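Remarks on the structure that follows.
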Amino acid sequence: MARRPVVWVAWVAAVFVAVEAVVLVAVAALLSRVVGAQHMSLAGLKPSAMTLGAWVACGIGALFSLVCAFVLARTARADRGPGRVGRILLIVAAVVHGLLGAVASGLLGWGVFAVLMAGLGLLVWVLLSYGPPRAEAARGSGGPEPGAGIPRQSGPEVREGPSHLVEKPAE
């Protein structure tokens with residue numbers, strides 16, 4: 001079986017997203033250490049609650065990134081597009097990369113923006129490369145043909161041959 005070049009893009013995207021999960025855990029460690037060292041409360045919240053919140057939020061993000069990395073690795077290994085749930089997960093990941101990139105450009109700088117846009121580009125590349133085949137997309141999903149079940153209206157009828165209209169008899 002010949003592999004398409006896009007398999008390598010899917011592998012690179014899987015590694016990229018897995019590394020992002022590790023970075024999210026490192027960010028959680030940094031945030032929890034900084035918040036714990038401040039010994040201040042925010043709107044009455046204890047520092048321990050904010051530390052726990054940083055770990056939970058970054059942990060959920062890291063878990064989501066690992067699931068996306070698994071979907072990308074499975075896509076690359078099978079050289080087949082992800083299923084419906086996998087495609088939805090990757091679309092959500094791409095949207096999150098876009099939103100975080102927009103926020104990061106103002107808060108964290110253009111370097112972080114560039115890294116997030118590289119991740120967005122890899123995700124979109126994989127999603128578009130493993131889309132449905134053109135013949136299947138043009139044929140549809142096996143549903144009824146367009147116009148099926150719609151009664152024909154009486155009126156002029158076009159026939160093959162010389163170009164002229166012929167009146168259809170009333171039914």
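Brief remarks follow.
- Taken per residue, the accessible surface of the range 1-124 reaches 62 Å², heavy atoms only and a 1.4 Å probe.
- Taking 0.36 nm per residue of sequence separation and removing the Cα-Cα distance, the Trp110/Val92 pair yields an extension gain of 4.2 nm.
- Over the range 5-121, relative contact order from alpha-carbon pairs under 8 Å, at least 6 apart, %: 29
- Calculated FRET efficiency for the pair Ala118/Arg84, C-beta based, R₀ 30 Å, to 0.05: 0.70
- Sites Lys46 and Trp8 - FRET efficiency at Förster radius 45 Å, r taken between beta-carbons, to 0.05: 0.40
- Extension gain, Val22 to Ala170: 0.36 nm times the residue separation minus the Cα-Cα distance gives 45.9 nm.
- Taking one quarter of the surface of the convex hull spanned by the alpha-carbon atoms of the range 1-108 gives a direction-averaged projected area of 8.2 nm².
The values are calculated or read from the model by the stated rules, or taken from the named source; none is laboratory data. This is a predicted model, so every value here is computed, not measured. A quick note on method: Cβ atoms are made from the backbone with ideal geometry, for glycine too, and the neighbour counts reach across all protein chains shown. The protein model used for the area step is the full one, side chains on, heavy atoms only, and it has no ligands, DNA or RNA in it. Shrake-Rupley method; radii C 1.70, N 1.55, O 1.52, S 1.80 Å.
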